[in-house]
1. Any residue in the range 73-91 that is assigned by TED's automatic domain parsing to the domain that holds residue 63 sitting within a Cβ distance under 6 Å of a residue that is in a helix (DSSP H, G or I) and surrounded by fewer than 17 Cβ atoms within 10 Å (Cβ to Cβ)? List the pairs, counting only those 6 or more apart or interchain.
2. How many of the residues in the range 17-27 are assigned to a helix (DSSP H, G or I), touching a residue at least 60 places away in the same chain (Cβ under 8 Å) and either in contact with a helix residue (DSSP H, G or I) (Cβ under 6 Å, 6 or more places away or on another chain) or over 16 Å from residue 231 (Cα atoms) (or both)?
3. Tell me which residues, restricted to the range 156-181, are over 21 Å from the mean Cα position of the chain (by Cα) and loosely packed, with under 15 Cβ neighbours inside 10 Å.
4. Given the criteria under 28 Å from residue 16 (Cα atoms) and either crowded, with 18+ Cβ neighbours inside 10 Å or within 24 Å of the chain's Cα centre (by Cα) (or both), does residue 107 qualify?
5. Name the residues in the range 218-272 that are under 15 Å from residue 52 (Cβ atoms) and assigned to a helix (DSSP H, G or I), would you?
6. Considering each of 233, 206, 177 in turn, give the residue that is without any contact (Cβ under 8 Å) to a residue 12 or more places away in the chain and under 21 Å from residue 32 (Cβ atoms).
7. Within the range 75-98, can one find any residue that is under 23 Å from the mean Cα position of the chain (by Cα), assigned to a strand (DSSP E or B) and modelled with pLDDT of 95 or more?
8. Of the conditions (1) more than 24 Å from the chain's Cα centre (by Cα); (2) modelled with pLDDT under 95, residue 267 satisfies every one except a single condition; which number is it?
């Protein structure tokens, strides 16, 4: 809608995890470095936690895109699966050929054989589980048993858990205490600072093709930080709405007022929308302004 108005190739604040927009803030870079070092070690479980919207999925995809060809990755985005189904998902990711109605013994034997074949080829296998706080306890224990497979030098399978802070509580369960002891590397993704957001917004605009002057006023950045709490996903949502409002008015710079309106139209964890009619009003204003501006062009 507003891309041409601001000289952009594409919308810069999509919430889809696109690795070309990966922002190397101190938190995200440290987390990526932790993953890379841990993967090289080939030992134990790796755990990455962070609040909703802090960029865990984007980090996971960036990690997959960064590691070398000596790694084989199996990515399961929704691991809320009972043990057998989770094993079937892993087999599918590793391109294991299975007979119809394969029994549990043959399933595990086939996965083990595939892991051993890959190890002989010099490959290291990483299983990455997103939304790991949702994995049932029984499935976590099944994964732990899989990591017992090893050669004389290293594990045949290394597991990376990406999850919300609830994952930490989940791992305190007595039934999986052995797994918790095997987490050799971990990192918690925190929110962006006010300065981070200044660079974050500029970075995303630049990747989207923006070459002009300051698009978000400093007061708008400060308001964006306060309203979002530094959560990247909320920054994206509010920045996108702010640009829509700015475009609708035919303006060339996003102001604090635009971000205020966008914030009032956005539900955040710390604030539930108190005035539903205001949200509807802001959405209608965005649509109406956009239509009016389009008709005048």
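1. Qualifying pairs under 6 Å: 73/64; 74/93; 83/138.
2. Count: 2.
3. 172, 173, 174, 175, 177, 178, 181
4. no
5. Scanning the range 218-272 gives 228, 232, 233, 234, 235, 236, 237.
6. Within the list 233, 206, 177, the selection yields 206.
7. Checked the range 75-98: at least one residue is under 23 Å from the mean Cα position of the chain (by Cα), assigned to a strand (DSSP E or B) and modelled with pLDDT of 95 or more.
8. Result: residue 267 fails condition (1) only.
The values are calculated or read from the model by the stated rules, or taken from the named source; none is laboratory data. The model shown is predicted, which means the values in this text are computed figures rather than measured ones. Quick reminder, even Gly has a Cβ in these numbers, built from the backbone with ideal geometry, and neighbours come from all protein chains shown.
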